[in-house]
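The values are calculated or read from the model by the stated rules, or taken from the named source; none is laboratory data. In this text, all values refer to a predicted model and were calculated from it rather than measured experimentally. Please note: Cβ atoms are built from the backbone with ideal geometry, for glycine as well, and neighbour counts cover all protein chains shown. Heads up: the accessible areas ignore ligands, DNA and RNA and are worked out on the full protein's heavy atoms, side chains in. Shrake-Rupley method; radii C 1.70, N 1.55, O 1.52, S 1.80 Å.
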Amino acid sequence: MVGLNAFRLMASCRRLSILEASRRWKSNIGFVGLGNMGVPMVKNLLKNGYGVVGNDVSADRMDLLRGLDGAKTADTLQEVAASSDAVVTMLPESEHVLSAYTALLESSKTDQIFVDCSTISPESSKKVSDMAERKGCKFLGAPVSGGVVGAENGTLTFMVGGDESTLKEAEQLFASMGSRCVYCGPAGSGLIAKISNNMILGMTMVAVAEAMNLGVKLGMDPKILASVINTSSGRCWASEINNPVPGAIEKSPSNDNYQNGFKSNLLLKDMNLGKSLAEASHAPTPLTKQTVDLYQRIAEKGWGDRDFSIAYKYFKELEQ
């Protein structure tokens, strides 16, 4: 009986040690960049038991984070790194990421994991990876696909570049924010995959907006037209999930005057990254160039902060 009790005590202690290890891993995740994607990603981390220490240049976003149970704010990026077990960044452009990691790594700890979910140039991601390695840290470039809807629902796909063993260490972290994680190869590989994906995303949105505009102009009910496309060979994410016509589907940014989605300026940035990579590698990209030109005109109209499905409104106004 004593032996059995001792065994049960040992098993109980083992379970407690596992739980304690889990709690330590989940004690604090630093999160830098609380935009349309960052905030719902933070909410899913909190939902899955992580504490979050966040930072953003926007005071309003910092106030929003303070209102979430289990979340705290840090005034500096150095404080984010010092008080976190792992850090996730979600920032607009390469220069922001490079600047952020210069500060974050000042207070980093040996073997600390950093995950950048921003869509930046592969070259910039490799630079950050080298910076982290020199500090004895681990870095993954893990841009996402799925948009704001995917961030809210926890169904993002992460395209990961870096050391595969580091990805295995961070599996639970990724699983708390998304539904799929694809290992793409060494540092920068995830960005190559993401930029290629977003080239398609931009082109298909323009195609859907153009076709929907024609169909509606010829008298089709947008809901019926969308239902036909979404059950036929034209089916794609831009039509089924993010349809550009107000009222065509439920829960699309077009229903809210193209607010709170994937900003047109960010899509333009990603398309330009693809254009630059293509030029450097002498790959022909005629459709990318046309899409870049169209979103440049959208930006010039002052719509850069609206969801990129606003291409439909652009086509509508061309008729007038």
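Is the stretch 24-185 best put as rounded, prolate or oblate by its Cα gyration tensor, with a ≥ b ≥ c the root eigenvalues, rounded for a/c under 1.5, and otherwise prolate when a/b is larger than b/c, oblate when not? Rounded. When only Cα pairs under 8 Å and 6 or more residues apart are kept, what is the percent relative contact order across the stretch 193-319? Reported as a whole number, the value is 33 percent.
Roughly how many Å² is the accessible area per residue of the chain, as a whole number, for a 1.4 Å probe?
Ligands and nucleic acids excluded, the figure is 49 Å² per residue.
Amide H contacts of T73 (H built 1.01 Å from N, in plane; Pro and chain starts excluded): G54 sit under 5 Å, all sequence-distant by 5 or more or on other chains.
Using the Karplus relation 6.51 cos²θ - 1.76 cosθ + 1.60 with θ = phi - 60°, the per-residue 3J(HN,Hα) values for the stretch 180-186 come to 8, 9, 10, 7, 9, x, x Hz, with x marking Gly and Pro. Once both labels are positioned 7 Å from their Cα atoms along Cα-to-Cβ, the gap between K223 and E123 label points is 5.1 nm. Across the chain, C-alpha contacts under 8 Å between residues 6 or more apart give a mean separation that, scaled by the residue count, equals a relative contact order of 12 percent. Here, the stretch 230-290 has an Rg and a Dmax of 14.8, 41 Å when only alpha carbons are counted.
Its Kirkwood hydrodynamic radius, worked out from the mean inverse distance over all distinct Cα pairs, puts the chain at 21.0 Å.
Rounded to the nearest 0.05, the FRET efficiency derived from the C-beta distance between S58 and S83 at R0 = 30 Å is 0.90. One quarter of the convex hull surface built on the alpha carbon atoms of the stretch 153-299 amounts to 10.2 nm², the projected area averaged over directions.
Compare C184, C117 by solvent-accessible area with a 1.4 Å probe and give them largest first, with all protein chains kept in place.
C184, C117
Between the C-alpha center of the stretch 93-115 and that of the stretch 257-320 there is a gap of 29 Å.
Applying the Karplus relation 6.51 cos²θ - 1.76 cosθ + 1.60 with θ = phi - 60° to the stretch 143-151 yields 3J(HN,Hα) values of x, 10, 10, x, x, 4, 4, x, 5 Hz, where x marks Gly and Pro.
Across the stretch 255-266, computed HN-Hα scalar couplings (Karplus, 6.51 cos²θ - 1.76 cosθ + 1.60, θ = phi - 60°) run 6, 10, 6, 6, 9, 6, x, 8, 4, 4, 5, 6 Hz from first to last residue, x flagging Gly and Pro.
Pop out the carbon and sulfur fraction of the accessible area of the stretch 120-221 as a percent, whole number, probe 1.4 Å. Exposed carbon and sulfur together represent 51 percent of the surface. Which value, in debye to the nearest 20, describes the size of the charge dipole of the chain about its Cα centre when Lys and Arg Cβ atoms bear +1, Asp and Glu Cβ atoms bear -1, and nothing else is charged? With Lys and Arg at +1 and Asp and Glu at -1, about 760 debye.
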